[in-house]
Amino acid sequence: MKLNYRDLVILGILLALAILIAGFFLLIKPKNEEIKTNKETLAQLETEKAEVDSKLAEIEPLKQSITDVCNDTNKLSEVFVNPDDILNARKVDQYMQHFAEDCEVKVMNLNTNDLGTGTLNYYYFTPTFLAPDQLAQADLNGEKTAENAEIAAESVAISARTQEEVLVAQYSISVTAEDKENIWNYLKAIEEQDETIIINSVSLSNLEIKEKEETASAGEGDEEEKPLPTAQFVISIYSVYELAQPDLEMK
């Protein structure tokens, strides 16, 4: 059948429409679906990025807070003796020796041990109230009972705390000196040093000062030797490990 010009034009238009429709369904529509999916994925990724950025913004203050806590902890631990200085009995004796030398006391006997573990007790005053049962019966308004409870509140609170484990070395020493003042100075030097050394007990003997006594014998001056003042000390030396700085860098 021979087509005229009008039919050819119509046929061309129909073919063009068919190609466009086919292109839409075969190319454009899938691309639109892909673009839509990509936009949804992009929105989700942007949300996740915002969450990550928010968490990253919190990291720097957190890192600084951790560093500050470590620094503050190590600052508090400065009052304790360095564990390397008292690691064993020999080092404990070397660490304590200068107190005796500075105060001019002579070490007669000592007993020490290697560094071990122990607890550091809290120092507090525990008040004592006489006849609490009688007081409860007599204190009808409860005023005295409340007053006593307020006085005892600090010791009650502290006594309930957990005693922490620390490193501790025991040092028992007997010293003597020409003058009892040297022994007092030795005691004072240990008390006033900046690190955590606690004198647990002190026992003193022969506190009379060596004196010269003249005898009644003519032409003779005998000296009576008196025992030198002596002191026995039991000392605890406390230590803790230094807190290592944490590695806060992201890898």
> For residues in region 165-179 being farther than 14 Å from Tyr238 by Cα and touching a helix residue (DSSP H, G or I) at 6+ places or on another chain (Cβ under 7 Å), which is surrounded by the fewest Cβ atoms within 10 Å (Cβ to Cβ)?
Replying inline: Ala177
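So if I check each of Thr145, Thr176, which one is hydroxyl-bearing (Ser, Thr, Tyr) and either assigned by TED's automatic domain parsing to the domain that holds Lys226 or in contact (Cβ under 8 Å) with a residue 40 or more places away in the chain (or both)?
On the way: Thr145 fails: either assigned by TED's automatic domain parsing to the domain that holds Lys226 or in contact (Cβ under 8 Å) with a residue 40 or more places away in the chain (or both).
Testing whether each residue is hydroxyl-bearing (Ser, Thr, Tyr) and either assigned by TED's automatic domain parsing to the domain that holds Lys226 or in contact (Cβ under 8 Å) with a residue 40 or more places away in the chain (or both) leaves just Thr176.
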> Residue check, Ser155 against (1) exposed (fewer than 12 other Cβ atoms within 10 Å of the Cβ); (2) touching a residue at least 24 places away in the same chain (Cβ under 8 Å); (3) not aromatic (Phe, Trp, Tyr), all met but one. Which one?
Replying inline: (1)
> For Thr126, which of the numbered conditions (1) under 24 Å from Ser203 (Cα atoms); (2) in a loop (DSSP other than H, G, I, E, B) fails to hold?
Replying inline: (1)
> Does any residue in region 29-40 that is outside the structural domain of Ile19 (by TED's automatic domain parsing) and modelled with pLDDT under 80 come within less than 6 Å, Cβ to Cβ, of a residue that is among the charged types (D, E, K, R) and surrounded by 10 or more Cβ atoms within 10 Å (Cβ to Cβ) six or more places away or on a different chain, and which pairs are these?
Replying inline: none
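For Ile199, state whether it is within 30 Å of Gln97 (Cα to Cα), in contact (Cβ under 8 Å) with a residue 60 or more places away in the chain and either surrounded by 13 or more Cβ atoms within 10 Å (Cβ to Cβ) or not aromatic (Phe, Trp, Tyr) (or both).
So Ile199 does not fit the description; no.
Tell me, yes or no, whether region 10-24 has at least one residue that is part of a helix (DSSP H, G or I), among the aromatic types (Phe, Trp, Tyr), modelled with pLDDT under 75 and loosely packed, with under 10 Cβ neighbours inside 10 Å.
Narrowing region 10-24 to residues part of a helix (DSSP H, G or I): 10-24.
Then keep just the ones that are among the aromatic types (Phe, Trp, Tyr); that gives 24.
Within this subset, residues satisfying the condition of being modelled with pLDDT under 75 are 24.
Right, trim to loosely packed, with under 10 Cβ neighbours inside 10 Å and you get none.
No, region 10-24 contains no residue that is part of a helix (DSSP H, G or I), among the aromatic types (Phe, Trp, Tyr), modelled with pLDDT under 75 and loosely packed, with under 10 Cβ neighbours inside 10 Å.
The values are calculated or read from the model by the stated rules, or taken from the named source; none is laboratory data. Quantities reported herein were computed from a predicted structural model and do not represent experimental measurements. Every residue, glycine among them, receives a Cβ derived from its backbone with ideal geometry; neighbour counts consider all protein chains shown.
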